[in-house]
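What follows is a short report on a single structure.
Just so it is clear, none of the values below were taken in a lab; they were calculated from the coordinates. Being a predicted model, the structure only gives us computed values, none of them experimental. Counting neighbours? That spans all protein chains shown, and the Cβs are built from the backbone with ideal geometry, glycine included.
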């Protein structure tokens, strides 16, 4: 069930009053969260709920083993191996098999690896990384092991189950424990902020991102050889805006849902297109993933503690893993490699003492690099991405567009996103404060009008989120 579907809206209207009616009964409230998490997950494929239950039970059992025996090494390593093997076998087996077969065919041999027809559970990358944070937390401090229901709740927490942000076990359970006295209130404490974020996310995803996808991105990427150089460049710009509005919009929606449940989710976006360089970009874009890779992969590999050359190798490895995490395709490998090489070049320039660029120039160059790299992220194949890039300077239909396209809409969204990015936090504070001053009825009317606009200007049907694929 999608978070932007009418069915989910009805679910929330029925669920939230019941949830907060149980505010003084912690176990019942947690149980309701677990049941609804598994119920929502089963709406995709019923078997997924069984897989998640078995997976969560194994992670709980390994944590309990570390807690009871005091031996952390072998249960931790076993858990990490199981989590990694589960993810790799489901998402990357076919990618490895096809690659291996292609390599062997060039030498006259054939691969004997069987074809596996497996449906990958939705959000497997997200709950696998969350399971890793739980195992590592208990491995470091075995006394922090949680009960079976708590682990089930952590890995099935439905605001983040399908596409993140990636929760960390210590942060989640700290909130779970500190919420006990707050249950007497019986209402979410940041309701206006939650409603603002949900409305903002719906506008970003359902209206703006969907329009960019339908009017610019999908048509041009489907037939890049029929587009002029200017149109190709505009489509690349459109996708940079689309993926930000899509994923940031999703994050705003689930952050608002988390607040309505009494939980604070990790910050996942800090206006990434204001970044002055690629290293800065990755402190702003998909922060829960980039910080996970830093803390659980880059630093354990050695981080920056083994000399400059090794540090750059670790950077490249981390960015390649980031690319592969998004999908089993060479396009994602190249996307991660481009970002990794970009960060290495940046580190080398800083080491050689190159002067920093002016802010506007640094931001423009970073945005240009990121937009060009997004071509590999969006393209279905490497040849398609290369055709898109080649068409920038040598398109079969020329440089200037011959057909009529919705340029005003693209330019308006571009100005809206890039122009308001520096003021996003200020606008959020002022909007939430205004809702509090206007009162329940006026603020509710304004939010209702915004939701009506979403329904009117949004596409027919239920649009998919880009990150549901990962």
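Worth pointing out:
- Ranked packing of 149-158, 388-397, most packed first, by mean Cβ within 10 Å: 149-158, 388-397
- The simple Förster model, with R0 at 60 Å and r as the Cβ-Cβ distance, assigns residue 9 and residue 350 a FRET efficiency of 0.80.
- On the principal axes of its alpha carbon atoms, the chain extends 67, 63, 49 Å, with the longest extent given first.
- With a Förster radius of 41 Å applied to the beta-carbon distance between residue 2 and residue 386, the computed FRET efficiency rounds to 0.80.
- Alpha carbon centroid spacing (whole Å) that separates the stretch 429-455 from the stretch 45-68: 42
- Extent along principal axes [Cα atoms of the stretch 277-390; Å; largest to smallest]: 39, 34, 24
- Each peptide in 61-74, 348-361 was scored by the mean count of other Cβ atoms within 10 Å over its residues; highest first, the order is 61-74, 348-361.
- The C-alpha atoms of the stretch 212-358 occupy a region whose extents along the principal axes are 49, 47, 36 Å, arranged from largest to smallest.
- Its convex hull of Cα atoms gives the stretch 189-278 a direction-averaged projected area, equal to a quarter of the hull surface, of 7.0 nm².
- When you count the other C-beta atoms within 10 angstrom of each residue and take the mean per peptide, 236-244, 362-370 line up highest first as 236-244, 362-370.
- With the convex hull drawn over the C-alpha atoms of the stretch 6-182, the volume per residue is 139 Å³.
- Distance from the stretch 107-166 to the stretch 251-275 (C-alpha centre basis), Å: 21
- Averaging 1/r over every pair of different alpha carbons in the stretch 329-384 and inverting the result gives a Kirkwood radius of 12.5 Å.
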